[in-house]
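*Asks:* Below: one structure in structure tokens.
The values are calculated or read from the model by the stated rules, or taken from the named source; none is laboratory data. What you see is a predicted model; the values in this text were computed from it and never measured. With ideal geometry, Cβ positions are generated from the backbone for all residues, glycine too; neighbour counts draw on all protein chains shown.
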Amino acid sequence: MSASSATSTAGIPIHEALCRWVFSSIGKKTIVAVTGILLVLFVTGHMLGNFTIYFGPDLINAYAKHLRDLGPFLWVIRLGLLATVFLHIFFTMLLWKENATARPQKYAVGDPIKTTVFARTMRLTGLFVVAFVIFHLGHFTLMIFNPSWTHLDTELHGETVHDVYRMVVLGFSNPIVSAFYIISLGLLAFHLSHGIGSLFQTLGLSTRKMRPVYEAVARVYAWALFVGYSSIPISILIFGLGKNTIK
Amino acid sequence: MSIDAKIPAGPLDKKWSSYKNTAKIISPANKRKFKIIIVGSGLAGASAAATLGEQGFNVECFCYQDSPRRAHSIAAQGGINAAKNYQNDGDSTFRLFYDTIKGGDFRAREANVYRLAEVSANIIDQCVAQGVPFAREYGGLLANRSFGGAQVSRTFYARGQTGQQLLIGAYQGLEAQVAAGTVKMHSRTEMLDLVLVDGHAKGIIVRDMVTGEIRAHAADTVLLCTGGYGNVFYLSTNAKGCNVTATYRAYKKGAYFANPCYTQIHPTCIPVSGDYQSKLTLMSESLRNDGRVWVPKRKEDCGKAPADIPEDARDYYLERKYPSYGNLAPRDISSRSAKEVCDEGRGVGPGGLGVYLDFGDAIKRLGQNVVAERYGNLFEMYENITGESAYERPMRIFPAVHYTMGGLWVDYNLMSNIPGLHVLGEANFSDHGANRLGASALMQGLADGYFVIPYTIGDYLNTQFGKAKPDVNSAPFQDALAAVKARTSQLLSIKGNRTVDSFHRELGHIMWDNCGMARTKESLTAAIDKIPKLREEFWKNVNVLGKGETLNQSLEKAGRVADFLEFGELLCRDALQRNESCGGHFRSEYQTPDGEALRDDEHYAHVACWKFEGENATPTRLEEPLSYETVKLATRSYK
Amino acid sequence: MNFTLRVWRQDGPTTAGRFEEYPAKNIPDEASFLEMLDIVNEELEKAGKESVQFDHDCREGICGMCSLTINGVPHGPGRGTTCQLYMRKFQDGDVITIEPFRVGAFPILRDLAVNRTALDKVIQAGGFITARTGSAPDANSVPIPKVVADESMDAAACIGCGACAAACPNSSAMLFVSAKAAHLGLLPQGKPESERRTVRMVRTMDDLGFGNCSNYYACEAVCPAGISASFIARLNRQYTSAAAREAVGATTI
């Protein structure tokens, strides 16, 4: 009794405690879940931003300009996002490495038990999404595939601004690009179908009764994102959204 | 030879408290100097290891399973008795004591049983404190149910898994001590012999079941908590691994084996369905709280579907014969009544070896939900095994060997006649007399381990101060080691034509047919004639393949069956010598005109203690008279 | 009924294993899976071959000793332990593959028997309530709401067989650990040690080489005791909260 009361106020140093938590199985998963939430929020915000395209060139161009005008703050967001993605992937890899060694000899037969296809393909879909993000940045942010897009300018309230509207319409007028985009977002939806439901469990918010609810909501949310995102290339490619601006 | 049970003087209800007040205590500094070997990790073994370790003794615990949590105590379903009187239905220590003595057909020792009833309340407190999730009422207080052989509700339960929960409580206490360094656990290690040094139990010989290494362990005292010998019948509700080896080896080293013929046949088991069967599955006796036992009145109806047999063509024989206890009549009586109606040709199911346990009325009265809440897992188990739903048609049940009241003789300190050899739980003979009441086995195992041995062990250990510590390199250990190794090699070298299981099955048939629910002089004599022949064939013709140096389950089984083949004979001898019927021992020659057990208190109110006299020599039967100071011997009636 | 068995045979912990094929003939459909193996073993022994070593004990679904993976599923088809699996669940003529529980933390001893001492070590790390014998207050002195006692019992039903880890694609033992943390942590008696218990059990589990939980729920699907994976959510929550409280000095582990 005396031994424990002597140490009751001291404990271990805070950084040591944090470190132990971070590298515990639950700590690592929690980091993946929390970074996952941030990325889901980003993906959601990004989609809502994209929807400005439906309200004509002025709104989306103004939105783009507003983002660029953030200046250094934009870089904070970008670096934050990059760090989030890095942590998400880094801790996933750590978990994956440990999981891979936890069963040295695999079963000879048998189908996966209960595990959904979404859960089983998390790493694959995640990697694909990363590849897509790199392409997507090169495509619309750095415009390295179409350097001429950097000169797409337009007038907005008397200022010359980058014509994001026309760039997007041009970009998605290419059926291959659109197809790749839609497939990638489908895989993102796969990833999130497990990921969003799973984070409730990892963060300890799930209960026996609520788990199916969370999972259903997660799945609906993931595929709503897919529908939302895909609606843009489909509108451009099939319904001719903005066709008149690129003639 | 006089047998001294060392019962403290004084009035019955003061014996234990006065014993505790004057018991010899080992000081904390000295406790760690004493090493205690505990064989078995069931309720008795685990609770003893946890408590003795916690007290500061240096404990080594052994079990044959891969983890102490697997011991067969885990399978007890129904509950644990305690004289708490939480239901305010008139229960008391004395009433629990009296019920247990009466349930045991007045063949148990008064002082031990009273102590058991006394500590029963502490067990519940202890278990709740360590996190056993007993069933509770909505208000948060503990719930109770009634059980066979009692007219009060004193049984505490955790769904149908009471044994599991109690064992896990004790197991966790044990593991806490392993972490604290006071207990060293040896799992997958089987005791194969007891070692005596100057007549005192000072160690054991074990086989590491993974590496096959046979080695000796020395200690200041040895506790056997190795359970019962029901598997001598081959088919029983015991786990496959349950065996008599530890206690039988101790018997062969001079410990008295007491009352081996007291075997309990449990009335509510799932009937046998074929020769391939490896064990019998018990359905908790608690089912009899709401289920009604019946068979058709007329033989001709036995083939009909139960729903087609009208109410007036059914014979609710327990309710008819024992109106006040009805379906809750004690186990021996219920089992024998089932056998009687089946012998009359009124049994149901394959081979006519079954009776109905019907929940139709309970479902009507309480609703299916309540019945499911009380017995859901048992109903599931029944459906899984038989493919029938007990919600739709009555269960078929039949008696099966379940528990053995006999065991190594112990005194009030739980020490056998070999100094230093303590025996706890089902392995000893002490508390249940000729028949054990439901929900009392868990009570006894935990009482012995948590509340009795920690007080009584000092009595022996105090005599051991200053004595030389036993050395595994000394002659007694090396001799025992050599003997065990020789026996192991012998088993492996016979290379005959029959499997171990075939011998075990044959022994089981001999035992069940001749020494089962009803025994006669003729049947027992026949068994005593047959068993040695089978044993002889075993040692000539058994086929044990493989090596001694690996995990070898055939070898493990062979060693156990070899001991059963000797022990079975001892059991039959005891049954033959006890010329009366009492509790689980029913001799057909001794019954009342209406078929009830007929005791002979004048000649048999004693404990029969068997003393080993050498290989193939007839053992000697000694007697410890049972003197009843408080209780008046009465004919046990549940009418 | 007749079957063909493909059985994993391995002579010892360090030797390489292999599959061998044995016929299982004239098996009654009321036989349990283990009784079917008994019959096959008797035939093997009669033919002079060593029997297949497999763990089993109570044969009534409660001790948790039996540990076979049947056609890739720990304990085989249906809910319950291997010993409670009956041959009527199979089709005549089926080829049945029998493997041990394959978990790195459960080394194979021989054939189908594995060493699950790792689970005992997790319990040693904190899976208990310290209650010195004889020091307990009256059992009814602390009323426990029925719902709490029931939920604790749901978790306490775990039989410690390890099928959760054997089924998990990551060999994670989270269901086992979370059930113990919930069984004891939900009860008022278990609250004082709850944080230490949770953290120490998780750390020990990690150290023993079990994998991490990916919320696949395969554990829950095979658990013979019906333990819900919601206890894992509870464990995640409790572990992080205890670790945070340890970090800020509000508790010691």
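*Asks:* Might you let me know whether segment B:89-100 holds any residue that is in a loop (DSSP other than H, G, I, E, B) and within 12 Å of another protein chain (Cβ to nearest Cβ)? Full working, then the answer.
*Replies:* First, pick out the residues of segment B:89-100 that are in a loop (DSSP other than H, G, I, E, B): B:89-92.
With within 12 Å of another protein chain (Cβ to nearest Cβ) added as a condition, the list becomes none.
No, segment B:89-100 contains no residue that is in a loop (DSSP other than H, G, I, E, B) and within 12 Å of another protein chain (Cβ to nearest Cβ).
Residue-wise test of (1) closer than 30 Å to A:M167 by Cβ; (2) within 16 Å of the chain's Cα centre (by Cα); (3) at pLDDT below 95.
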site	(1), (2), (3)
A:E98	no, no, no
A:D111	no, no, yes
A:T116	no, no, yes
A:R120	no, no, yes
A:A131	yes, yes, no
A:H136	yes, yes, no
A:P147	yes, no, yes
A:L152	yes, no, yes
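*Asks:* Filter segment B:599-612 down to the residues that are in a loop (DSSP other than H, G, I, E, B) and under 12 Å from B:R578 (Cα atoms) and list them by number. Give the steps one after another, and end with the answer.
*Replies:* Keep residues of segment B:599-612 that are in a loop (DSSP other than H, G, I, E, B), which gives B:599-600, B:605, B:612.
Those that are in a loop (DSSP other than H, G, I, E, B) and under 12 Å from B:R578 (Cα atoms): B:R599, B:D600, B:A605.
*Asks:* For B:K35, indicate whether it is over 25 Å from B:R374 (Cβ atoms), touching a Ser or Thr at 6+ places or on another chain (Cβ under 9 Å), among the basic types (K, R) and touching a residue at least 24 places away in the same chain (Cβ under 8 Å). Before the answer, list the steps.
*Replies:* Values: over 25 Å from B:R374 (Cβ atoms): yes; touching a Ser or Thr at 6+ places or on another chain (Cβ under 9 Å): yes; among the basic types (K, R): yes; touching a residue at least 24 places away in the same chain (Cβ under 8 Å): yes.
When the stated conditions are applied, B:K35 passes them.
*Asks:* Another question about this same structure. Residues B:D208, B:D220: which one is free of Cβ contacts under 8 Å to residues at least 24 places away in the same chain and touching a strand residue (DSSP E or B) at 6+ places or on another chain (Cβ under 6 Å)?
*Replies:* Of B:D208, B:D220, the one residue that is free of Cβ contacts under 8 Å to residues at least 24 places away in the same chain and touching a strand residue (DSSP E or B) at 6+ places or on another chain (Cβ under 6 Å) is B:D208.
*Asks:* Pick from C:G160, C:G134: which is in contact with a helix residue (DSSP H, G or I) (Cβ under 8 Å, 6 or more places away or on another chain) and under 25 Å from B:S67 (Cβ atoms)? Don't jump to the end; show me each part of the working.
*Replies:* Values: C:G134 fails: under 25 Å from B:S67 (Cβ atoms).
Of C:G160, C:G134, the one residue that is in contact with a helix residue (DSSP H, G or I) (Cβ under 8 Å, 6 or more places away or on another chain) and under 25 Å from B:S67 (Cβ atoms) is C:G160.
*Asks:* Hey, another quick one. Name the residue that is farthest from the other protein chains (Cβ to nearest Cβ), counting only residues in segment B:250-277 that are part of a loop (DSSP other than H, G, I, E, B) and aromatic (F, W, Y).
*Replies:* Taking segment B:250-277 first, the residues part of a loop (DSSP other than H, G, I, E, B) are B:253-256, B:259-262, B:270-277.
If we keep only those that are aromatic (F, W, Y) too, we end up with B:256, B:262, B:276.
Values: B:Y256: 29, B:Y262: 23, B:Y276: 5 Å.
The selected residue is B:Y256.
*Asks:* While we're here: For segment C:151-162, how many residues meet the condition of being assigned to a helix (DSSP H, G or I) and more than 8 Å from every other protein chain (Cβ to nearest Cβ)?
*Replies:* Of the residues in that region, 3 qualify.
*Asks:* May I pose another question? Test B:V410 against the criterion of being β-branched (V, I, T) and part of a strand (DSSP E or B), and give yes or no. Walk me through how you get there before you give the answer.
*Replies:* Values: β-branched (V, I, T): yes; part of a strand (DSSP E or B): no.
No, not satisfied.
*Asks:* Among the listed residues B:G140, B:G131, which satisfies the condition of being free of Cβ contacts under 8 Å to residues at least 12 places away in the same chain and either among the β-branched types (V, I, T) or under 30 Å from B:E175 (Cβ atoms) (or both)?
*Replies:* Checking each option against the conditions leaves just B:G140.
*Asks:* To continue, here is another question. Looking at B:L318, B:L328, can you tell me which residue is surrounded by fewer than 24 Cβ atoms within 10 Å (Cβ to Cβ) and touching a helix residue (DSSP H, G or I) at 6+ places or on another chain (Cβ under 7 Å)? Steps first, please.
*Replies:* On the way: B:L318 fails: surrounded by fewer than 24 Cβ atoms within 10 Å (Cβ to Cβ).
Being surrounded by fewer than 24 Cβ atoms within 10 Å (Cβ to Cβ) and touching a helix residue (DSSP H, G or I) at 6+ places or on another chain (Cβ under 7 Å) holds for just one of B:L318, B:L328, which is B:L328.
*Asks:* Just one of the numbered conditions (1) crowded, with 24+ Cβ neighbours inside 10 Å; (2) of a type outside the set (D, E); (3) more than 10 Å from every other protein chain (Cβ to nearest Cβ) is not true of C:H183; which one?
*Replies:* (3)
*Asks:* Let me ask you something else. For C:V142, indicate whether it is in a helix (DSSP H, G or I) and among the β-branched types (V, I, T).
*Replies:* Details: in a helix (DSSP H, G or I): no; among the β-branched types (V, I, T): yes.
The answer is no for C:V142.
*Asks:* Please find, among C:T81, C:T4, C:T69, C:T97, the residue that is closer than 23 Å to B:Q161 by Cα, touching a residue at least 24 places away in the same chain (Cβ under 8 Å) and among the β-branched types (V, I, T).
*Replies:* Numbers: C:T4 fails: closer than 23 Å to B:Q161 by Cα; C:T69 fails: closer than 23 Å to B:Q161 by Cα; C:T97 fails: closer than 23 Å to B:Q161 by Cα.
C:T81 is the lone residue from the list that is closer than 23 Å to B:Q161 by Cα, touching a residue at least 24 places away in the same chain (Cβ under 8 Å) and among the β-branched types (V, I, T).
*Asks:* While we're looking at this one, here's another question. If I filter segment C:10-24 for residues that are surrounded by 17 or more Cβ atoms within 10 Å (Cβ to Cβ), assigned by TED's automatic domain parsing to the domain that holds C:A105 and over 25 Å from the mean Cα position of the chain (by Cα), do I get at least one hit?
*Replies:* Yes.
*Asks:* Just to be sure before I move on: is C:A165 assigned to a helix (DSSP H, G or I), within 18 Å of the chain's Cα centre (by Cα) and at the interface with chain A (Cβ under 9 Å from one of its Cβ atoms) in the structure I sent? Spell out how you get there, then give the answer.
*Replies:* Details: assigned to a helix (DSSP H, G or I): yes; within 18 Å of the chain's Cα centre (by Cα): yes; at the interface with chain A (Cβ under 9 Å from one of its Cβ atoms): yes.
So C:A165 fits the description; yes.
*Asks:* Okay, moving on. Is it true that B:G583 is at pLDDT below 95, crowded, with 22+ Cβ neighbours inside 10 Å and in contact with a helix residue (DSSP H, G or I) (Cβ under 9 Å, 6 or more places away or on another chain)? If you could, list the steps in order and put the result at the bottom.
*Replies:* On the way: at pLDDT below 95: yes; crowded, with 22+ Cβ neighbours inside 10 Å: yes; in contact with a helix residue (DSSP H, G or I) (Cβ under 9 Å, 6 or more places away or on another chain): yes.
So B:G583 passes the test.
*Asks:* Now for a separate question. Can you list the strands (runs of 3 or more DSSP E) found entirely within segment B:138-231 that contain at least 3 residues being more than 12 Å from chain C (Cβ to nearest Cβ), of a type in the set (V, I, T) and surrounded by 22 or more Cβ atoms within 10 Å (Cβ to Cβ)? Explain how you work it out, then say what you get.
*Replies:* Working: elements: B:183-186, B:189-197, B:200-208, B:214-218, B:221-224.
Passing ranges, in order: B:200-208.
*Asks:* Right, another one. Being over 25 Å from the mean Cα position of the chain (by Cα) and assigned to a helix (DSSP H, G or I) narrows it down to one of B:K533, B:K547, B:K557, so name that one.
*Replies:* Of the residues listed, the single one that is over 25 Å from the mean Cα position of the chain (by Cα) and assigned to a helix (DSSP H, G or I) is B:K533.
*Asks:* Related question: Say whether the condition of being touching a Phe, Trp or Tyr at 6+ places or on another chain (Cβ under 6 Å) and crowded, with 18+ Cβ neighbours inside 10 Å is met by at least one residue in segment A:161-174.
*Replies:* Going through segment A:161-174, the residues touching a Phe, Trp or Tyr at 6+ places or on another chain (Cβ under 6 Å) turn out to be A:167.
Pick out the ones that are also crowded, with 18+ Cβ neighbours inside 10 Å and you get A:167.
Yes, because at least one residue in segment A:161-174 is touching a Phe, Trp or Tyr at 6+ places or on another chain (Cβ under 6 Å) and crowded, with 18+ Cβ neighbours inside 10 Å.
*Asks:* Which of the residues that make up segment C:36-60 are facing chain B (nearest Cβ under 7 Å) and touching a residue at least 24 places away in the same chain (Cβ under 8 Å)?
*Replies:* C:Q53, C:D55, C:H56, C:C58, C:R59, C:E60
*Asks:* If a residue must be on the phi < 0 side of the Ramachandran plot, among the charged types (D, E, K, R) and in a loop (DSSP other than H, G, I, E, B), how many such residues does segment B:5-46 contain?
*Replies:* 3
*Asks:* If I filter segment A:100-139 down to residues being touching a Ser or Thr at 6+ places or on another chain (Cβ under 6 Å) and assigned to a loop (DSSP other than H, G, I, E, B), which single residue comes out as farthest from A:S25 (Cα to Cα)? Reasoning before the result, please.
*Replies:* Applying the first criterion (touching a Ser or Thr at 6+ places or on another chain (Cβ under 6 Å)) to segment A:100-139 yields A:102-103, A:109, A:118, A:132.
Next cut, assigned to a loop (DSSP other than H, G, I, E, B) only: A:103, A:109.
Working: A:R103: 16, A:V109: 28 Å.
It comes out as A:V109.
*Asks:* Which strands (runs of 3 or more DSSP E) does segment C:2-81 wholly contain that include 2 or more residues that are closer than 19 Å to B:T550 by Cα? Don't jump to the end; show me each part of the working.
*Replies:* Working: elements: C:3-9, C:18-24, C:68-70.
It comes to C:3-9.
*Asks:* Considering each residue of segment B:52-97, count those that are among the hydroxyl-bearing types (S, T, Y) and in contact with an Asp or Glu (Cβ under 8 Å, 6 or more places away or on another chain), and give that number. Please lay out each step first, then the result.
*Replies:* Looking only at segment B:52-97, we keep the residues that are among the hydroxyl-bearing types (S, T, Y), and these are B:64, B:67, B:73, B:86, B:92-93.
From the residues that got through so far, the ones that are in contact with an Asp or Glu (Cβ under 8 Å, 6 or more places away or on another chain) too are B:64, B:67, B:93.
Number of matching residues: 3.
*Asks:* Go through segment C:61-83 and give me each residue that's at the interface with another protein chain (Cβ under 7 Å from one of its Cβ atoms) and either among the β-branched types (V, I, T) or surrounded by fewer than 24 Cβ atoms within 10 Å (Cβ to Cβ) (or both).
*Replies:* Within segment C:61-83, C:I62, C:T69, C:N71, C:G72, C:V73, C:G80 meet the criteria.
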